[in-house]
Structure formats: structure tokens, C-alpha cells
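A.B. asks: Quick one: structure below, then a few questions.
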Amino acid sequence: MIRRSVLLGTGSALPRRAVSNAELAETVDTSDEWIVERTGIRNRHIASDDETTATLAIDASRRALEAAGIDASEIGLIVLATATPDQTFPATATKVQAALGINDCVAFDVAAVCSGFLYAVSVADAMIRAGTASKALVIGSETFSRIMDWEDRTTCVLFGDGAGAVVLGAEESEDGARGILASKLHADGRHNAMLYVDGGVSTTGTVGKLRMKGKEVFRHAVVNLAAVMGETLAEIGLTAADVDWVVPHQANARILDATARKLNLPAEKVVMTVDRHANTSAASVPLALDVAVRDGRVKPGDLVVLEAMGGGFTWGACVLRV
Ligand code: UT7
């Protein structure tokens, strides 16, 4: 028998307030035309004061549990990926746990910025296969609006807030055909200065603002994402031709297009939500996955590849049979 982590349900949540490019252009020296042409972004959601990384994560988690048809009390593990936690500590995962009324389970955050959800899924999968838990909530939730320099047009037009969550459950089967089949993670800290926040607890004592060398990040993203997808598929003897859907990190439509081209993947197989959500960092992959599951594109039996790249640099991919 093979024990695997299977996808039981997905959920997502967005802040109430949607902000169009035109609205941003009222306060920032930019235009709808520039943003759409260079990034594909048309809209993003921005959290109000009463909406936080935890509240978004809680809403997304409730929807994922409902979709999975399981009670919160069955969850034995919560892994939450974020670079914008509600507080320095405790982990935002424990706030989700408390709100869901789970009195005892394993709960912690992981920090791998835009690749955070891939790291979280990989860790949760390993813990499920090891027997630590049989049902897990894996969440990506962010409020990047709180670390934006709203006077820096090269970054503030690119990001948005939101959360996505999945419920994973252990399943034992003869063939192990369903569930997470392979995942690969990478990090290369030589590139810290390409994408970072200029503040922190033990340096400035401030929260800081996001800084990015966009062109450099773009170049590395296309190369690293195509490579890690190929590497992850190859580990289980598959190629891009076997893939039904790619659910990528939603940073820039041009990165998604260029990466798909490198792998000879038709654009119709790539789930794209960057136009409506912008870059929501660790939330972007589970948010896009939830959209594609709910609109009927991703169906049971489909082979799906998740991938992301972000600050660090960190990057990774995961192949699962839904
Ligand atoms: O999630 C983590 C991963 N992050 C990413 O993957 C982001 C990767 N990078 C990118 O998506 C792109 O590099 C950007 C969208 C950030 C920038 O696109 P680009 O085609 O590389 O543009 P650029 O930085 O070369 O800027 C071109 C011009 C510049 O003007 P000059 O120097 O040519 O006169 C910028 O000042 O566009 C100007 N510009 C803007 N103009 C209007 C930069 N930002 C804006 C703006 N509105 N918001």
C-alpha cells in the first residue's frame, strides 16, 4: 500500500475592496495601459483595517473545509505560508486554529515569500506521509499592501492581498495514483538583495517596505520555474505533455507565458488569475487553484502542476493527481 496526501478541498478569500489600475493611477504616476502591457494586471484587492492575514486565512480555511466536507476537529496539522503575519509571534497558524475551534493540533507558519505555499504543501505532505497527521490545512495568506511603498510605482502596482487554502488528507491505496506525486524545493540566498523588505525585528525594529529589482527577478523566474517543473515531472517519469493544468504563482502574465513557452505547454493549460488578483505572494497559487476548481476547469483525475518563485530566491514545484 502507498500512503499519499490527496486534495480534499480548496477555498479562498479576498478583501472586500477591489482597486483597479485606473484608481491607482489617481495617486501613483502610472497608467492602466503600462500595467496591463507589462504585467497583465487589471485589478487587485486591498485589505481594510479590519481585514488581516489571519482573518483572510480563516475565511479561506472555512471554505476549504466546507468543500472537503470535513469538520475542523479532524484537522491534525495547520501549515500557513506568509511573509506578512499578523504579529511577529505567535504564528498566524495558531490564530486560524483558535478561530476554527481546534484545541490541539500541530500549527506553525513557514516563510518562503512567494514560494511559501509550495514549501508549506511539501512540508505538510511529508508530515502526512510520515504519519504525523492524517488531515492537514495548508494555507497561503498575505497582506502585502501593508509592506508596499505606495510612492514606488515600480512595485506598488504589482501586488495585492488575499488567501487560499487546501485540505489534504492521507489516503492509502495499492497504486498510489492519486494525490501529491512529487515535489521539489530550492533556495539560493546569494540573491537576497534582488527582492527583500528593508526592515525587520532584529535589524531596524520596523516592519519595512518591499524592494525589488524587477528585471533580475523576471529573468531568474523564467529559467528557474521551467527547470523545476521539468525536474519534478521527470522524477516520476512524466513530461509537460502529460500535464492537464499548470497553476503557477501569479506574478506577471509575461512570466507565465514565457515559462509555458519554454516547456512547450499551450497557454490554455495555464491557469491565470494575475489579471484580477495581482501578485498575492504565498496566497497566489492556492487562490488560483481554488478559482480553477470552482469554475470546473480542474477536475478529479487531472494532473496538476503547482509552481512558484520568490524572494530568497526560493522556488519549487509540486505535481499532483486530483
Ligand atoms: O513574486 C515575486 C516575483 N516577482 C516578480 O516576478 C516580478 C518580476 N518582474 C516583473 O514583473 C517586471 O520586471 C516588472 C513588471 C516589475 C517591470 O517590467 P519591465 O518590463 O522589466 O519594466 P522596467 O522595470 O524595465 O521599466 C520600464 C520603464 C522604466 O522607465 P524608463 O527607465 O525606461 O524611462 C520604468 O521607470 O517603465 C517605467 N515604470 C513604470 N511606468 C509606469 C516602472 N514602473 C512603472 C509603472 N507605471 N508602474
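A.B. asks: I want the antiparallel fraction of DSSP beta bridges within region 163-322, as a percent rounded to 5.
C.D. replies: Roughly 80 percent of the DSSP beta bridges within region 163-322 come out antiparallel.
A.B. asks: Quick one: compute the contact order of the chain, relative version, from alpha carbon pairs under 8 angstrom and 6+ residues apart, as a percent.
C.D. replies: Relative contact order, the chain: 26 percent.
A.B. asks: Provide the three semi-axes, in whole Å and in decreasing order, of the ellipsoid equivalent to region 4-94 as defined by the square roots of 5 times the Cα gyration tensor eigenvalues.
C.D. replies: Result for region 4-94: semi-axes of 33, 16, 12 Å.
A.B. asks: Where the accessible area of the chain is counted over protein heavy atoms with a 1.4 Å probe, how much of it, in %, is carbon and sulfur?
C.D. replies: Answer for the chain is 51 percent, counting heavy atoms of protein chains only.
A.B. asks: Something else now. What is the calculated FRET efficiency for Glu151 to Ser173, with r their C-beta to C-beta distance and R₀ = 45 Å, to the nearest 0.05?
C.D. replies: Efficiency, from the Cβ-Cβ distance: 0.25.
A.B. asks: Specify the inter-centroid distance of region 50-76 and region 170-212, based on alpha-carbon positions, in whole Å.
C.D. replies: 21 Å
A.B. asks: May I pose another question? Rolling a 1.4 Å sphere over the protein heavy atoms, what is the accessible area per residue of region 178-256, to the nearest Å²?
C.D. replies: Roughly 49 Å² per residue, with all protein chains present.
A.B. asks: May I pose another question? Is the shape of the chain rounded, prolate or oblate, going by the alpha carbon gyration tensor and its root eigenvalues a ≥ b ≥ c, with a/c under 1.5 for rounded and a/b larger than b/c for prolate?
C.D. replies: oblate
A.B. asks: Cα to Cα, under 18 Å, and not fewer than 8 places away if on the same chain: which lysines meet these conditions relative to Lys269?
C.D. replies: Filter leaves Lys299.
A.B. asks: Could you give the dipole magnitude of the chain about its Cα centre, charging the beta-carbon of Lys and Arg +1 and that of Asp and Glu -1, in debye to the nearest 20?
C.D. replies: It works out to roughly 480 debye.
A.B. asks: Divide by every residue of the chain the summed helix terms, -39500 (n - 2.57) for each DSSP H run of at least 4, and state the resulting mean residue ellipticity at 222 nm, rounded to the nearest 500 deg cm²/dmol.
C.D. replies: -9500 deg cm²/dmol
A.B. asks: In the chain, which helices (entire DSSP H runs) extend 24 Å or more along their own long axis, judged by Cα positions, while averaging at least -0.5 on the Kyte-Doolittle scale?
C.D. replies: 214-235
A.B. asks: Would you mind telling me the antiparallel percentage of the DSSP bridges in the chain, rounded to 5?
C.D. replies: Given both bridge residues lie in the chain, the antiparallel proportion sits at roughly 75 percent.
The values are calculated or read from the model by the stated rules, or taken from the named source; none is laboratory data. What you see is a predicted model; the values in this text were computed from it and never measured. Neighbour counts are summed over all protein chains in view; Cβ atoms, including those assigned to glycine, are modelled from backbone coordinates with ideal geometry. In case anyone asks, the SASA skips ligands and DNA or RNA and just uses the protein heavy atoms, side chains included. Shrake-Rupley method; radii C 1.70, N 1.55, O 1.52, S 1.80 Å.
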